[in-house]
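The values are calculated or read from the model by the stated rules, or taken from the named source; none is laboratory data. All values reported here derive from a predicted model rather than from experimental measurement. Glycine gets a Cβ as well: all are built from the backbone with ideal geometry, and neighbour counts include every protein chain shown. Please note that ligands, DNA and RNA were not included when accessible areas were found on the heavy atoms of the full protein model with its side chains. Shrake-Rupley method; radii C 1.70, N 1.55, O 1.52, S 1.80 Å.
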Amino acid sequence: MSIRRTPRTPVELVGAEPGPAHTIEFDGRPVPVLPGRTIAAALWADGVLAWRTTRVGGRPRGAFCGIGVCFDCLATVNGRPNQRTCLIPARPGDTVTTQEGHGRADLAV
Ligand code: FES
């Protein structure tokens, strides 16, 4: 009796043909991105664990829940503050910057 081999990775199972890798920019430096990754996943994969500071105390934050619930992963993406990076697919050329506090420093008086 022979053992039938089946595809062993999700890519093989769905017959996916991922596009080429690309880069986004984080605080002025390039971050490599595999297709399909969110911004948070790309930052994590590049060793970046924090990309926001809290309003009170300036404590570092990054991804926590990874499913859009906790809002710990907020960052400024393409000039828009308060974006949940765990939900946003990374697109070629995206610019992500660390968000300080509430992300509205430009409105401060
Ligand atoms: S990590 Fe919790 S909302 Fe993004």
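Of note:
- Taking the accessible area of the chain, probe 1.4 Å, and keeping the other protein chains in place, the carbon and sulfur fraction comes to 57%.
- Using heavy atoms of the protein chains and a probe of 1.4 Å, the accessible area assigned to residue 48 is about 10 Å².
- Dividing the summed helix terms, -39500 (n - 2.57) for each DSSP H run of n ≥ 4, by the number of residues in the chain produces a 222 nm estimate of -2500 deg cm²/dmol to the nearest 500.
- Maximal additional length on extending the residue 80-residue 65 stretch stands at 3.3 nm, based on 0.36 nm per residue less the C-alpha distance.
- Look at where the Cα atoms of the range 48-109 and of the range 11-27 average out, and the two centres are 22 Å apart.
- Which of 2, 85, 102, positive extreme of dipole for the chain (C-beta unit charges): 2
- Normalised by the number of residues in the chain, the average gap of Cα pairs under 8 Å and 6 or more apart makes the relative contact order 26 percent.
- Across all Cα pairs in the chain, the calculated P(r) in 10 Å bins from zero up to the longest distance comes to 14, 40, 25, 11, 6, 2, 1, 0 percent per bin.
- The charge dipole of the chain, taken about the Cα centre with unit charges on the Cβ atoms of Lys, Arg (+1) and Asp, Glu (-1), comes to about 320 debye, rounded to the nearest 20.
- Charge sum, other residues only, whose C-beta stays under 13 Å from residue 25's C-beta, Lys/Arg counted +1 and Asp/Glu -1: -1
- Entry note, the range 31-74: relative contact order of 28 percent, from Cα contacts under 8 Å with a spacing of 6+ residues.
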